[in-house]
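Written out below as structure tokens is the structure these notes cover.
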Amino acid sequence: MSDSLTCDVVIVGAGMTGAACALYASRAGLDVVVVDRGPVAGGTTGAGEGNLLVSDKEPGPELDLALLSLRRWGELAGELGDRIEYEAKGGLVVATTPGRLTALRHLAVAQRAAGVETVDVTADRLRDLEPHLAPGLAGAVHYPQDAQVMPALAAAHLLRASAARLLTGRTVTGVLRGTDGALRGVRTDRGDLRAPAVVNAAGTWGGEVAARAGVHLPVLPRRGFVLVTEPLPPRIRHKVYAADYVADVASDSAALQTSPVVEGTAAGPILIGASRERVGFDRSLSLPAVRALAAGATSLFPFLAQVRALRTYAGFRPYLPDHLPAIGPDPRLPGLHHACGHEGAGIGLATGTGHLIAQVLSGKEPDLDLTPFRPDRFPPEAR
Amino acid sequence: MNPQEPARARPGPAFTLTFDGREIAAVPGQTVAAALWAAGATSWRTTRRAGRPRGVFCGIGVCFDCLVTVNGSPNQRACLVPARPGDVVRTQEGTGHED
Amino acid sequence: MRTDLAVIGAGPAGLAAALAAAARGLRVTVLDSAPAPGGQFHRQPAPGLAAHRPRLPHDRGRGWRWLRDALAASDVTVLTDHHVWVVEHGFTVHALLGPEQRESVAVRAEAVLLATGGYEKVLPFPGWTLPGVVAAGGAQAMLKGGLVVPGRRAVVAGTGPLLLPVATGLAAAGVVVPALVEAADPAAFLRHRRALAAKLPEGAGYAARLLRHRVRFLARHTVVRAHGGRALTGVTVAALDSGGHVRPGTGRYIPCDTLAVGHGMVPHTDLAETLGCRLAGAAVRVDDEQRTDVPGVWAAGEATGIGGAALALAEGHIAGRSVAARLRGTAPDPSTWARAAGTRARLREFARALDAVYAPPAHWAEQVPDGTVVCRCEEVTAGAVREAARDLGAGDPRTVKLLTRAGMGWCQGRMCAPAVAGIAGCEPAPSRRPFARPVPLGVLARQHRDATATDDATGEGAGEATDEGTEEGPS
């Protein structure tokens, strides 16, 4: 076996986050190899809606990362534009009752202070923004910065733009270490990849990759279903969701939770989310979940009752116990970096994450303080 | 030759429906697609991207190529929906839904 | 409604199973999307057409009369116009009603038998989306059920045993059939003549009818292009060499307004896959009793492998007897269905031989130009599929779909999946279609409200928001 290096950095995971890490690392002058046990966008990326959102985030480190990411997405949209179906459509968060509207407005005030553009929308102006919304809603907040991409296309085109070498269908089985104990690359089922740096961008599988490197990172799957309708003319202009969604995102419950999230796509079908439940990697159809999604969506947009769902699919959000991703170097194993655990926000947060990882890899001071995202912040479970 | 002849079909009295405003005849038991074929029409939809004409393809309700608007209701499979007297059948463009 | 056995599909397999199970005391309910039982093979002219000689040449009618009369004499409940969209474990069969399909009903059952049949595979070529180009089985279904034909002059093409009855059926209905274009090599029949011997008389009958109707049989030929602007005006056919390539310079133009084309059948496995049944290749995997690997779920007929109506009858009969014994908690005695098992073994061997003989041209995928639409619903071209595979790293059908939308439209890839995989150069993979049919969101929403109203004694509609805040479950 040769001791020569394969590359400067091995990125484990060819999903959205891995693709963004590859792009920014390449642009920082690093030679990059991306390895994935499946195909491009084969995990959560291929099952997502492609949300680039600030609206659902409370002020704090995740919102800062989202704002950084949105700026990067805006730049990429200029380069890749239509190929990734980038659409700066804006988000509309609606409140069903006056009580919820008050809470939503409080959140918006705090978000505004953190740099988010927000516009209060009164009940009588709702239909100017979304003509097909149900009557009787209390009001809304409009978030012009929210945007959307087609996630699988985005991952594939970022990977192509990165010019990184892509090795799919290749499973990381362990890590290589030098005599000093530091990381020297990864072992795969089809040979070793030698590099001084490795990035774990394996999404829901990130905990397993960490374990194979001998470190603890408790990434858990949180299942979500998406309903996809027949193609329609553009009838829903924004990403529209009920204010309850924010509470569901932040919840720690394992039980099924749903709150309606409805949006059109450039291709025509409407996508309906969002359900959350912790059931492991069970992909089988849950009728209760998709029924609840349909009930929520038709309550926001009554015309949808006549519209047919063509399919539904499940995805698994990679979720860490405090709902923040793990980003940055792992002090427990020099050379190992993490970029995973973004839960349901991974598409949106990918560009910022890739940007920060590239800064770390090239020895620069990252634009954001990585302390809240430290990968060693979870104590190992007592056994 | 009318294919009803070799089958010695003696259908009930013919009725009319309209296809894009034109009256066409149908007999009881025919689907909308069968009535349109019998009237010489083989396309009644245009695709939503290239605007290409389409009609029956699989004939058994699987391919959704024969989608048509019947009595204002878009995206009906012509090969499954029975023709009824007075039906208003219209060529469907794009998604079939109005913008 | 409750039943012991719910049978999905009223074709030969489903009806044979229903009759066998009902004869042994089970309450049986058969659900089918068509307005009358029979399935694709025994599709009858709609009653309103009052056809006095409804048979097509291939169907001597005895099989259907027997099934129809036995069904009439049985206690089997047949629910027609029931479009099953999902089967829940436990089991609850959900079906949309009538041609409108706006309402759903539920049938609860102790056991389920999937006799969902198959549908036709058609591989793409330039012009295949033109009006006038129809699936061979589609032309036959419209002729059998509606007594209509799409035009006056029809070329029948592709490969497979279905092309013969389609060509003779169209000709008997008065359509001029200038050619039957079959990709298979006659030499292959000779190699498999022992397995195929039993069907020789049937083949000879078709040959005589083709001759009588002056249908020219072009073996080892293929359609390379369908011509026309807004509708079909003709096709170019060409000869194939022994390696399956089109032989240069052999192209000839045949004017026609109809092309009935097919490349074999594909099993309908959506309901089985959603129930978690394992597949064997493209078909539902079953054991000797026609049981799937999911307890309580049986399968028979084309869903378990393409083999024709006689095989479906034998499989259905065995399945029905197995269900009857198993639901009573006893193990069935296979010696009581030895004859059906013998028929099944013989016909499966026959089906394997047919499968070896009838094959699309080996190089069909290379011959599809970049500009040809492959996914008919989403209008995705062969070039886009190739780009996804070559430049974007898609090495499997699911990734090709994600990157191109091929298979994301109304038909959910049922028409294009084999073609997309072939053109992308990857192995076909199960498609996972949780809904076997499109379902109105209103139907799902109503089921949610009904379910939550039952759970919640206060009867508060779950779709309606309350001001109580989000319910936080136990962490």
Give me the angle, in degrees from 0 to 90, between the Cα long axis of helix C:200-212 and the longest principal axis of the Cα atoms of chain C, rounded to the nearest 10.
60
Assign one of three labels to segment A:28-147, namely rounded, prolate or oblate, based on the Cα gyration tensor with a ≥ b ≥ c the square roots of its eigenvalues; rounded applies when a/c is under 1.5, prolate when it is not and a/b is larger than b/c, and oblate otherwise.
prolate
Over the protein assembly as shown, what is the percentage of antiparallel beta bridges among all DSSP beta bridges, to the nearest 5?
65
Once the dipole of the protein assembly as shown is set up with Lys and Arg at +1 and Asp and Glu at -1 on Cβ about the Cα centre, which of B:Ala78, A:Gly346, A:Pro234 lies farthest towards its positive end?
B:Ala78
Among A:Val33, B:Val89, C:Val224, rank each residue by its count of other Cβ atoms within 10 Å, from fewest to most, as a rough exposure measure.
C:Val224, A:Val33, B:Val89
Treating only Lys and Arg (+1) and Asp and Glu (-1) as charged, each at its beta carbon, one finds that segment B:15-93 has a dipole about its Cα centre, in Debye to the nearest 20, of 280
Rg followed by Dmax, in Å, when chain A is reduced to its Cα trace
20.6, 71
Considering the protein assembly as shown, what Rg and Dmax in Å follow from its alpha-carbon atoms?
29.6, 93
Electrostatic dipole magnitude of the protein assembly as shown [Cβ: Lys, Arg +1; Asp, Glu -1; Cα centre; debye, to 20]:
4480
Residues C:Cys377, A:Cys21, A:Cys340 arranged by fewest to most Cβ contacts within 10 Å
C:Cys377, A:Cys340, A:Cys21
Students often check this: by mean Cβ neighbours within 10 Å, which of C:183-196, C:298-311 ranks highest, and how do the rest follow?
C:298-311, C:183-196
Amide H neighbours of C:Arg102 under 5 Å, at least 5 residues apart or on other chains, H built in the peptide plane: list them.
C:Leu97
So, R0 is 51 Å and r is the distance between the beta-carbons of A:Arg165 and A:Arg283; what FRET efficiency does that work out to, to 0.05?
0.95
Computed helical MRE - 222 nm, chain C, DSSP H runs ≥ 4 contributing -39500 (n - 2.57), nearest 500:
-10000 deg cm²/dmol
So if I take the alpha carbon set of segment A:135-264, get Rg, then get Rh from the Kirkwood formula, what is the Rg over Rh ratio?
1.09
Relative contact order for chain C using alpha-carbon pairs under 8 Å, separation at least 6, rounded to a whole percent?
17
Count, for each residue of C:394-402, the Cβ atoms from other chains sitting within 10 Å of its Cβ, then give me the mean as a whole number.
6
Rank by packing, highest mean first: peptides C:103-113, A:45-55, C:246-256, with packing defined as the count of other Cβ atoms within 10 Å averaged across residues.
A:45-55, C:103-113, C:246-256
For peptide A:266-277, compute the average count of partner chain beta-carbon atoms within 10 Å of each residue's beta-carbon.
2
Shielding by partners - mean other protein chain Cβ count within 10 Å, residues of B:73-80
4
Quick one: Cα centre-to-centre distance for segment C:204-256 and segment A:1-57, in angstrom?
50
When a/c reaches 1.5 or more, the comparison of a/b and b/c decides; with that in mind, is chain C rounded, prolate or oblate per its Cα gyration tensor?
oblate
Can you show me the helix-derived [θ] at 222 nm for chain A, built from DSSP H runs with n ≥ 4 at -39,500 (n - 2.57) apiece and divided by the number of residues, rounded to the nearest 500.
-9000 deg cm²/dmol
Here P(r) for segment A:258-332, Cα-Cα distances in 10 Å bins, as whole percents, is 15, 41, 27, 12, 5, 1
Projecting the Cα atoms of A:Ser259, A:Val307, A:Leu368 onto the charge dipole of the protein assembly as shown, where Lys and Arg contribute +1 and Asp and Glu -1 at Cβ, the residue farthest towards the positive end is A:Val307
With both bridge residues required to lie in chain C, what share of the DSSP beta bridges run antiparallel, to the nearest 5%?
50
Using +1 on the beta carbon of Lys and Arg, -1 on that of Asp and Glu, and nothing else charged, what's the dipole of chain C about the Cα centre, debye to 20?
2920
Asserting the computed 222 nm helical MRE of chain B (DSSP H runs at least 4 long, -39500 (n - 2.57) per run, divided by residue count, to nearest 500) equals -2000 deg cm²/dmol
Rounded to the nearest 10 degrees, the helix C:136-146 long axis (Cα) sits at an angle to the longest Cα principal axis of chain C of 70
I need the calculated FRET efficiency for the pair C:Arg153 and C:Ala429, taking r as the beta carbon distance and R₀ as 51 Å, to the nearest 0.05.
0.85
Ranked A:His342, C:His245, criterion: other C-beta atoms within 10 Å, fewest first:
C:His245, A:His342
Quarter of the surface of the C-alpha convex hull for segment C:145-226, i.e. direction-averaged projected area in nm², equals 6.0
Mean-position separation - Cα centroids, segment C:131-151 and segment C:354-421, in angstrom
25
If one compares the long axis through the Cα atoms of helix C:441-455 with the longest principal axis of the Cα atoms of chain C, the angle in degrees, nearest 10, works out at 20
Convert each backbone phi in segment C:28-45 into a coupling constant with the Karplus relation 6.51 cos²θ - 1.76 cosθ + 1.60 (shift: θ = phi - 60°), then list the ³J(HN,Hα) values in order as whole Hz, x for Gly and Pro.
10, 10, 9, 10, 8, 7, 6, x, 8, x, x, x, 5, 5, 9, 4, 10, x
Say the dipole of chain C comes from +1 at the beta carbon of Lys and Arg and -1 at that of Asp and Glu; which of C:Ala345, C:His448, C:Val373 then lies farthest toward its positive end?
C:Ala345
Listed by chain and number, the lysines with an alpha carbon less than 21 angstrom from that of C:Lys401, same-chain partners under 8 positions apart left out, are C:Lys121
When the Cα centres of segment A:329-357 and segment A:270-307 are compared, how far apart do they sit, in Å?
30
For chain A, return all DSSP H helices satisfying: extent of Cα atoms along own axis at least 27 Å; mean Kyte-Doolittle hydropathy at least -1.0.
A:61-80
antiparallel share of DSSP beta bridges within chain A, to nearest 5, in %, is 70
When the distances between all Cα atoms of segment B:15-93 are binned every 5 Å from zero, what whole-number percent does each bin get?
3, 19, 30, 28, 14, 4, 1, 0
Cα point-scatterer Debye curve for segment A:172-234, base-10 log of I(q)/I(0) at q = 0.11, 0.18, 0.28 Å⁻¹:
-0.40, -0.70, -1.23
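Here, each number is a calculation from the coordinates, and none is a lab measurement. Since we're looking at a predicted model, the values are computed, not measured. Note: ideal-geometry Cβ built from the backbone for every residue, glycine included; neighbour counts use all protein chains shown.
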